[in-house]
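The structure appears right after this line, and notes come after that.
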């Protein structure tokens with residue numbers, strides 16, 4: 001730093017102010033310092049800079065991760081958050097902290113390694129929110145609790161998303177629509193997307209004068225196959241499936257094929273909160289409510305950084321709906337053959 005100051009003909013403290021931003025420096029002086037740094041190939045020590053500013057310039061993205069890892073749709077949230085952090089000169093650290101990992105979260109908070117965190121996979125009653133508040137760690141949610149009045153969050157507008165998906169199928173003439181949600185355990189635990197879409201689906205169907213039928217499914221292909229079998233038991237005349245469970249969707253499609261129900265001629269399928277990459281993997285490609293995951297990750301980090309800088313005023317609260325992208329898995333409803341749920345043809 002002394003060499004930079006000598007070459008730029010400024011004081012060492014001026015170089016420090018340029019690096020930390022703790023005091024205003026004229027643009028001409030800043031340019032001289034930056035030019036001297038470039039000429040000397042000077043790279044400021046990140047740890048020392050953090051000590052001087054009391055910032056680590058590291059933010060955390062906290063979300064539960066199981067043995068399946070991250071899918072394409074979940075990865076979009078991470079990449080959007082990472083890009084926003086990098087653009088602001090921060091590093092993003094992914095930490096697998098689920099709703100039941102409160103002790104791990106408290107330990108992480110007391111280490112003060114993170115300037116702030118973005119919390120994902122939020123439950124309607126989420127102990128992690130209280131733990132972060134008690135620890136005094138700045139945070140922004142991707143998701144919402146049941147009472148988010150004073151919290152900063154970004155989330156999918158699930159009510160609008162479900163209404164748009166149901167309206168698309170109803171406009172095609174479908175009247176017997178089954179909704180495949182996340183697992184019974186996820187709903188019972190209060191997982192926000194599962195609870196909100198369950199309620200929104202029921203309201204949307206009733207609004208069209210139709211009976212809502214919902215099936216819970218484990219987050220796997222096997223769960224999707226079991227869910228489709230259960231759906232046919234409850235609604236053997238179904239003509240459309242709306243699936244929130246991306247991990248189950250290929251099991252649903254596989255079970256339809258086994259039962260010789262063509263997509264979309266016999267059964268239309270819409271995948272909810274899905275990335276284009278996943279939608280295009282299916283045959284036919286899936287009509288989907290495309291997730292705004294990358295945008296939500298970016299907005300959440302930007303809101304967190306404003307909170308760290310003490311700007312932006314009140315809590316940031318924003319909802320983004322998924323966007324309907326019509327592909328090959330939906331078409332107008334046709335008179336249906338009544339099915340039994342007893343198993344595939346010939347069994």
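Values computed for the structure shown
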{"read-out": "Subset of the stretch 1-17 (residues that are surrounded by 15 or more Cβ atoms within 10 Å (Cβ to Cβ) and either over 13 Å from residue 41 (Cα atoms) or more than 44 Å from the chain's Cα centre (by Cα) (or both))", "value": "5, 7, 8, 10, 14, 15, 16, 17"}
{"read-out": "Flag if residue 98 is touching a residue at least 40 places away in the same chain (Cβ under 8 Å), closer than 30 Å to residue 272 by Cβ and in contact with a helix residue (DSSP H, G or I) (Cβ under 9 Å, 6 or more places away or on another chain)", "value": "no"}
{"read-out": "Hits in the stretch 23-39 (condition: within 11 Å of residue 5 (Cα to Cα) and either touching a helix residue (DSSP H, G or I) at 6+ places or on another chain (Cβ under 6 Å) or not assigned by TED's automatic domain parsing to the domain that holds residue 10 (or both))", "value": "32, 33, 36, 37"}
{"read-out": "Test for residue 199: is it modelled with pLDDT under 95 and surrounded by fewer than 20 Cβ atoms within 10 Å (Cβ to Cβ)", "value": "no"}
{"read-out": "Of all residues in the stretch 256-292 being over 19 Å from the mean Cα position of the chain (by Cα), touching a residue at least 60 places away in the same chain (Cβ under 8 Å) and not in a loop (DSSP other than H, G, I, E, B), the one that is nearest to residue 160 (Cα to Cα)", "value": "287"}
{"read-out": "Verdict on residue 230 being more than 27 Å from residue 191 (Cα to Cα), surrounded by fewer than 19 Cβ atoms within 10 Å (Cβ to Cβ) and modelled with pLDDT of 95 or more", "value": "no"}
{"read-out": "Qualifying positions in the stretch 223-250 - under 23 Å from residue 75 (Cβ atoms) and not in a loop (DSSP other than H, G, I, E, B)", "value": "223, 224, 243, 249, 250"}
{"read-out": "Counted residues, the stretch 96-116 - those being crowded, with 18+ Cβ neighbours inside 10 Å and in contact with a strand residue (DSSP E or B) (Cβ under 8 Å, 6 or more places away or on another chain)", "value": "7"}
{"read-out": "Considering residues of the stretch 117-145 that are in contact with a strand residue (DSSP E or B) (Cβ under 9 Å, 6 or more places away or on another chain) and at positive phi only, the residue modelled with the highest pLDDT", "value": "143"}
{"read-out": "Tally, over the stretch 147-185, of residues that are surrounded by fewer than 24 Cβ atoms within 10 Å (Cβ to Cβ) and either closer than 23 Å to residue 220 by Cα or touching a helix residue (DSSP H, G or I) at 6+ places or on another chain (Cβ under 6 Å) (or both)", "value": "6"}
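The values are calculated or read from the model by the stated rules, or taken from the named source; none is laboratory data. Predicted model only: the values in this text are computed from it and were never measured. Every residue, glycine among them, receives a Cβ derived from its backbone with ideal geometry; neighbour counts consider all protein chains shown.
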